[in-house]
Amino acid sequence: MPLQLILAGILAALCSGLPSLVLPKSSAWGQRLSVLMMLASGAMGLLGAGIALFAPPFPDLGFPWPQAGNSLLGLDPLSAFFLFPVFLIGALGSVYGLGYWPIPRHRENGASLQLFWGFLVAGLGLLLVARHGMAFLLGWEIMALSAFFLVALQDRQAESRKASLVYLMATHVATLALFGLLVLWRASTGSFLLNPVGGDVLGLAAMNAIFVLALLVFGLKAGMMPLHFWLPMAHASAPSQVSAILSGVVLKMGIYGLLRFLSLIPSPPTSWGAIILALGALSGVLGVAFAIAQHDLKRLLAYHSVENIGIILMGLGLAMLGRSLERPDWVVLGLGACLLHVWNHSLFKSLLFFGAGSVVHATGSRQIEEQGGLAKAMPWTSLFFLIGAIAICGLPPLNGFVSEFLVYMGLFRSLGFEGARGSAAVIAAPALALIGALALACFVKVQGTVFLGLPRTARAGRATESPPSMLAPMALLAALCALIGLAPALVSRALDPVIALWAPEGAFRRPDLASLVPLGAIGTMSRFLLAAALATVLGSALLRRVRRGVGTWDCGYARPTARMQYTASSFAASIVDMFAFALRPRVRGPLIFGHFPGPTGMHGEVDDAILDRGIIPAMRGVGHWSDWLKRFQRGLIQHYMLYILIAVLALLCTLIPFGEILAFLSSR
């Protein structure tokens, strides 16, 4: 049965770190055995998820749980859909680590990475098959703590310590809110079982409280604006395969949680969909705006995760509006776009983080301004990164175009709806167009600065291509991005069972996704564009004559240098100025004094709006005012006795009937 396959895959992932711990760290065999166990886990998990997605439903699995009755594990199309990226990226990231983070070269933390990597995949799998609140919480905590240890892997670096502490603070807030959500669900429904409830079970106040808590819990995990503050630092400081699974998979647990809990509530208020749609548009626009201002390659990709979570939320918000207003076409298009973009983002964002890891592996730096000219030394990495960049920009013929096209189709259908709720698309559709344009500008900057031009540092000039263990996962992810873009009709069969589970047919008939969107025509157009692009590239390669010794972008200079080319900062300056009201960039220099000024330079920084300008200053203020309390803790016994006396007197005062005394005095 598929659930047993999934549980076997979870167990294999949970035990995958043992060989790396037991065998000597000077040998590569421990890591190789761990990778083989992760590959076996991925194979069993993908097979079980594939059976569950396309086969009839299977019975849940129950087992005794202390003080919680009968806890259940189950597998339905929604769980199976999200299990695909868990086991796929879990297996590919483990293979990638053979070249990027080999244990013989990282003896201090290589085994720890392998151990907590397996724990993370196991926690994600348990979370997705949980049908009881306590099992859901257990999977959530395993996932959260494993991710913390992976982010804090390089704990000797101040940046990693700070990122891990911020992440730990955020995930503890989310866990506390999850406790409240599950307690409220138990109080409202009488059970911790995550089963749909009837319309008369939940009152409006309970429904709104559940929605607010769910938005806080899962919005924090997904990195939704303005709850994204932990994400850029954690993704930037972690090893690249950890960044890939954090962005490509762990963030999606927030989307899964929203989908799971919203599917349990019948007839949601219309305002819920509008709120999610507005938050999606905000996350998308500001996420890509902050991304284009970054100098750190991995931090830039992290902000693009915020952007893509915004696109996913826009699809979910449209589906919620469709459920509330009984528009089945909105439900199908919005939820189809939401789910497909979950898969697409898992593929191309993992591909981009793997590509960024190859750049860091070759040059030793994450700074975009210190790269350049890597396409010649690293042609395969450059090609795979370009494929991921095209996909994330939503351009045909790759997969990102298909899911964003579904969002457009749903938003355009809602434009004709009469009423204020339907007019939300008037804002959301232009926001989606702006997101696509800014994403394109951002990755033109990245691709041009990192891979084209001339090397800006000596380390970049000595870069070499990554080993096959790092290139093979990137090649597979690039192929999957192309497959979904060239044959989108294949994935519609995977989307229909999930849509049917999340929005079952009630008073209105739900159409199929293929009847609303010409997926076959999209695939034909994509294949034509790919053929035209390949013909153009091959034709230009045969016709052009390359003159040796002439660098790219020589600008007419006889002896150009690496400084005679655009930088990432200069390329993005006009766009950063456009969003200066939100980004608030800080620019230093250039400072020029005297008739013969010395060398100078210019540097710009953009701090995170929530963490650097909100949370950290607030915590400093709390710490400053907390220092005032130190005067009451001098270590003197007489002071503590005085505090006890004051407390006793205050408690005694509560026994005095002040109300009766005032009534007696006023009566006289």
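The values are calculated or read from the model by the stated rules, or taken from the named source; none is laboratory data. Just so it is clear, the model here is predicted, and its values are computed rather than measured. Backbone-built Cβ (ideal geometry, glycine too); neighbour counts: all protein chains shown.
Within segment 369-395, the set of residues being part of a helix (DSSP H, G or I), of a type outside the set (F, W, Y), crowded, with 24+ Cβ neighbours inside 10 Å and more than 19 Å from the chain's Cα centre (by Cα) comprises L374, T381.
Checking the conditions here, which among S324, S350, S305 is hydroxyl-bearing (S, T, Y) and touching a Phe, Trp or Tyr at 6+ places or on another chain (Cβ under 8 Å)?
Values: S350 fails: touching a Phe, Trp or Tyr at 6+ places or on another chain (Cβ under 8 Å); S305 fails: touching a Phe, Trp or Tyr at 6+ places or on another chain (Cβ under 8 Å).
One residue alone meets the criteria, S324.
The set of residues from segment 1-54 being β-branched (V, I, T) and either in contact with a strand residue (DSSP E or B) (Cβ under 9 Å, 6 or more places away or on another chain) or at pLDDT below 90 (or both) comprises I6, V22.
With the condition kept exactly as written, say whether any residue in segment 191-206 is of a type in the set (D, E, K, R), touching a residue at least 24 places away in the same chain (Cβ under 8 Å) and out of contact with any strand residue (DSSP E or B) (no Cβ under 6 Å at 6 or more places or on another chain). The answer is no, given that none of the residues of segment 191-206 is of a type in the set (D, E, K, R), touching a residue at least 24 places away in the same chain (Cβ under 8 Å) and out of contact with any strand residue (DSSP E or B) (no Cβ under 6 Å at 6 or more places or on another chain).
Tell me, please, whether a residue that is in contact (Cβ under 8 Å) with a residue 60 or more places away in the chain, not in a helix (DSSP H, G or I) and not β-branched (V, I, T) can be found in segment 141-153. Break it down into steps so the answer makes sense when it comes.
From segment 141-153, those in contact (Cβ under 8 Å) with a residue 60 or more places away in the chain are 143, 147, 150-151, 153; that's our starting set.
Still in the list and also not in a helix (DSSP H, G or I): 153.
Adding the requirement that they be not β-branched (V, I, T) leaves 153.
Checked against the condition, which is being in contact (Cβ under 8 Å) with a residue 60 or more places away in the chain, not in a helix (DSSP H, G or I) and not β-branched (V, I, T), segment 141-153 yields at least one hit.
With respect to being more than 23 Å from G30 (Cα to Cα) and touching a Phe, Trp or Tyr at 6+ places or on another chain (Cβ under 7 Å), M134 fits the description.
Listed by first and then second residue, the pairs with beta-carbon distance under 7 Å, at least 6 apart or on different chains, first residue in segment 454-467 and within 18 Å of G355 (Cα to Cα), second hydroxyl-bearing (S, T, Y) and part of a loop (DSSP other than H, G, I, E, B), are R459/S365.
If you go through segment 455-470, how many residues are of a type outside the set (S, T, Y), surrounded by fewer than 19 Cβ atoms within 10 Å (Cβ to Cβ) and outside any loop (DSSP other than H, G, I, E, B)? Walk me through it before giving the result.
Of all residues in segment 455-470, those of a type outside the set (S, T, Y) come to 455-456, 458-463, 465, 467-468, 470.
This time we only want the ones that are surrounded by fewer than 19 Cβ atoms within 10 Å (Cβ to Cβ), so: 458-459, 461-462, 465, 467-468.
Of the ones still in play, those that are also outside any loop (DSSP other than H, G, I, E, B) are 458-459, 461, 468.
Total satisfying the criteria: 4.
Determine whether segment 587-603 contains at least one residue that is of a type in the set (K, R), modelled with pLDDT of 80 or more and not in a loop (DSSP other than H, G, I, E, B). No, segment 587-603 contains no residue that is of a type in the set (K, R), modelled with pLDDT of 80 or more and not in a loop (DSSP other than H, G, I, E, B). Of all the residues in segment 646-668, those that are of a type in the set (G, A, S) and over 30 Å from F632 (Cα atoms) number 4.
Here A428 fulfils each of the conditions (1) modelled with pLDDT under 90; (2) on the phi < 0 side of the Ramachandran plot; (3) part of a loop (DSSP other than H, G, I, E, B) apart from (3).
Residues in segment 103-129 that are without any contact (Cβ under 8 Å) to a residue 24 or more places away in the chain and either of a type in the set (K, R) or closer than 19 Å to A144 by Cβ (or both): R105, G123.
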